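Written out below as structure tokens is the structure these notes cover.
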Amino acid sequence: MDVKEKNTTVTAQVTPDMKRRATQVFESMGLDMSTAINMFLIKAVRENKLPFTPEGSPLEAAVQAVNDGDGITFNDVQAARDYLNSNDDDDD
């Protein structure tokens, strides 16, 4: 006998504009909001991670800082270790 699992409700807070815009995107693909969210959740569970790379991640920010010339560079690993292990108590 096939037992159908009951659904539950998930509540998320978004701005009215975001809901409107997302609804337009999903409807243009023939999806409703519930189906789109379920697709997102299924893919995240299958892959055990977000199904996309978030923009503005700390890694992206660090890479951008280096590309902009704002990063700290070292000539060798020991110099990097020394920097990371130094106490910067002079700023007090």
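See the values below:
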{"quantity": "Lysines whose Cα lies under 19 Å from that of Lys19, excluding same-chain neighbours fewer than 8 positions away", "calculated": "none"}
{"quantity": "Simple Cβ-charge dipole of the stretch 40-80, Lys/Arg +1 and Asp/Glu -1, about Cα centre, in debye nearest 20", "calculated": "400 debye"}
{"quantity": "Sites matching GluC sites (Glu not before Pro) across the stretch 20-92 that sit in DSSP coil, with at most 10 neighbouring C-beta atoms within 10 Å", "calculated": "Glu55"}
{"quantity": "Label-point separation in nm, Met29 to Asp76, each point 7 Å along Cα→Cβ", "calculated": "5.2 nm"}
{"quantity": "Set of lysines with alpha-carbon distance to Lys4 below 23 Å, sequence-local pairs under 8 removed", "calculated": "Lys43"}
{"quantity": "Debye, to nearest 20: dipole size of the chain, +1 on Lys, Arg Cβ, -1 on Asp, Glu Cβ", "calculated": "1200 debye"}
{"quantity": "Approximate spin-label separation Ala44-Val14, in nm, with each point projected 7 Å along Cα-to-Cβ", "calculated": "1.2 nm"}
{"quantity": "Dipole of the chain, positive direction: furthest Cα of Gly69, Asn7, Gly56, with charges on the beta-carbon", "calculated": "Asn7"}
{"quantity": "Carbon + sulfur, % of accessible area of the chain - ligands and nucleic acids excluded, 1.4 Å", "calculated": "52 percent"}
{"quantity": "Most mobile listed residue (Arg20, Arg81, Arg46) in the chain, GNM with C-alpha springs under 10 Å", "calculated": "Arg81"}
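The values are calculated or read from the model by the stated rules, or taken from the named source; none is laboratory data. Every value quoted in this text rests on a predicted model; they were computed, and no experiment measured them. Here the Cβ is made from the backbone with ideal geometry for all residues, glycine too, and neighbour counts use every protein chain on show. Protein only, heavy atoms only, side chains kept; ligands, DNA and RNA dropped before computing areas. Shrake-Rupley method; radii C 1.70, N 1.55, O 1.52, S 1.80 Å.
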